1. Pulled fully out, how much extra length does the chain show between residue 122 and residue 108, if you take 0.36 nm times their separation in residues and subtract their Cα-Cα distance?
2. Once the other residues with Cβ under 15 Å from the Cβ of residue 216 are scored (Lys, Arg +1; Asp, Glu -1), what is the net sum?
3. Take 151, 122, 168 and sort them by solvent-accessible surface of the protein heavy atoms, 1.4 Å probe, largest at the top.
4. Express in nm, to one decimal, how much length is gained between residue 200 and residue 31 on full extension, taking 0.36 nm for each residue of separation and deducting their alpha carbon distance.
5. Extension gain residue 136-residue 178, at 0.36 nm per residue separation less the Cα-Cα distance, in nm?
6. In what order, largest first, do 99, 131 sit by accessible area if the probe radius is 1.4 Å?
7. For the range 139-221, what is the per residue volume of the convex hull drawn over the alpha-carbon atoms, in cubic angstrom?
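The values are calculated or read from the model by the stated rules, or taken from the named source; none is laboratory data. Keep in mind that what you see is a predicted model, and the values were worked out from it rather than measured. Positions of Cβ are backbone-derived with ideal geometry, glycine not excepted, and every protein chain shown enters the neighbour counts. Only protein heavy atoms, including side chains, enter the accessible area calculation; ligands, DNA and RNA are left aside. Shrake-Rupley method; radii C 1.70, N 1.55, O 1.52, S 1.80 Å.
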Amino acid sequence: MTGTHMVNKRAGSSNGPLLQSLGLNVVAPLAVFYGLRAAGVGLWWAVLASAVPPLLEGLLTVVRERRVGMLGVLVLSMVALGAAMSAVTGSPRLMFAKDGWITGVIGLVFLATLRGQPFMYRVLSSVARGDKRAELERNWQASPTFRQVMRRLTAVWGVGLLLDSVVRVVLAYTLPIDSVVLVTTLQYVALFMGLELFSRRYARKPARLAVIHNETVAVAS
């Protein structure tokens, strides 16, 4: 097996879970929603049915990895709350606007953790296992640079989610009702991918990783 083939195989393996998550949490819900709407199904039932693919993704994550997928939980929470609010108030626009409110609350939660252990560190610690989790804990205790990275990433995500929340509410009340799902989903994907790309490049910068390593070693010795 050539080196290039091995690299491509590893890249494909690492991208597989991300592609599956995007497919089941973004592409499939859109296809279900617009397919049902085109078939004449009511808005409320189409939105409710669009929650099935994220539910499937959440179950697959629990079975395979013994953990709860955060993206799936977020999507399911938004759909469930929106459907309930729409049923109570009879307002479909409120059903979509609530996505923005939930995103805003999540953004505030991110920012509220900056005084203690920031949200990003808590998330990483909750999903890490064995040596990786122990390494995260050592870095947190010993490296000021690592703590700064975690707080900065948390702040960036918090502010990004707050901005997303404002845009979502405005779009929910200004766009044609059947366009809201597509536009806000694409907006969410763009935001998520942008924040994810920034996080990877910022946190994995070789010089920064070297500083964190040296600080941890210095304390340990």
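1. Working: separation 14, 0.36 × 14 = 5.04 nm, distance 1.54 nm.
The residue 122-residue 108 span can extend by a further 3.5 nm.
2. Values: positive: 132, 133, 138, 147, 208; negative: 131, 135, 137, 215.
With Lys, Arg at +1 and Asp, Glu at -1, the net is +1.
3. On the way: 151 80, 122 120, 168 15 Å².
Descending order: 122, 151, 168.
4. The residue 200-residue 31 span can extend by a further 57.9 nm.
5. Working it through step by step, the gained length comes to 10.7 nm.
6. Working: 99 25, 131 130 Å².
Order by accessible area, largest first: 131, 99.
7. Details: hull volume 5.8 nm³, N = 83.
For the range 139-221, the hull spanned by Cα atoms encloses 70 Å³ per residue.
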